[in-house]
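The values are calculated or read from the model by the stated rules, or taken from the named source; none is laboratory data. What you see is a predicted model; the values in this text were computed from it and never measured. When we count neighbours, we look across all protein chains shown, and the Cβ atoms used for this are built from the backbone with ideal geometry, even at glycine. Remember, those area values only see protein heavy atoms, side chains included, never the ligands or the DNA or RNA. Shrake-Rupley method; radii C 1.70, N 1.55, O 1.52, S 1.80 Å.
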Amino acid sequence: MCIRDSHQAQEIKMSYEFSDILKNLPHRYPFLFVDKIVSVQLGETIHAQKIVSINEDFFNGHFPNKPIMPGVLIIEALAQAAGILGFMTMDKTPEEGSIYYFAGVDKVRFKHPVSPGEVIDLFASIRSEKRGIWKFDCKAEVEGKNVCEATILCADRPK
């Protein structure tokens, strides 16, 4: 059953607080990679953002004279945005005993590097859901330029 069949797509709020991110993700600093929720259509899509700061610890070694955000962390940011969409669509939270595991990634393509000072726009769309396994089409952009795309799988499981 596709989640789009069981939930009517709707924007749930006009504005979001940082507390909405913390409510819908179990991640915390230093492994929280979503800074803002721009928009959500339940059962459909999310637009979130990651503000890339030179103060991120990973820039100390990746790379000292040419700081580039590691691709695996861009994928993690996309998975976290997808997780927020999934939790909001299911109308449950990690605090209520559910956890959303990153279960897989396919068709990953990195198009451009991401540097400190840039804002990554994170987009995730629900492709399907079956027995708690969700599949998302994801894309990351900086200033409208595609930097990464991937299909991400997440598994909703009890804590």
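This model, with +1 at the C-beta of Lys and Arg and -1 at the C-beta of Asp and Glu, gives the chain a dipole about its Cα centre of some 420 debye. In this structure, the amide hydrogen of residue 99, modeled 1.01 Å from its nitrogen in the peptide plane, lies closer than 5 angstrom to those of 157, 159, counting only residues at least 5 positions away or on a different chain. The residue list 120, 49, 68 was ranked by how far each Cα lies along the charge dipole of the chain toward its positive end, using unit charges on Cβ atoms, and 68 comes out on top.
Taking the DSSP beta bridges with both ends in the chain, the antiparallel portion is around 100 percent.
Compared with the dominant Cα axis of the chain, that is its longest principal axis, helix 71-90 is turned about 20°. Entry comment: accessible area of the chain is 53 Å² per residue, from protein heavy atoms only and a probe of 1.4 Å. Hey, what did segment 3-134 get for relative contact order, percent, Cα under 8 Å, at least 6 apart? Over segment 3-134, the number comes to 32 percent.
On the chain, 51 percent of the accessible area sits on carbon and sulfur atoms, based on a 1.4 Å probe.
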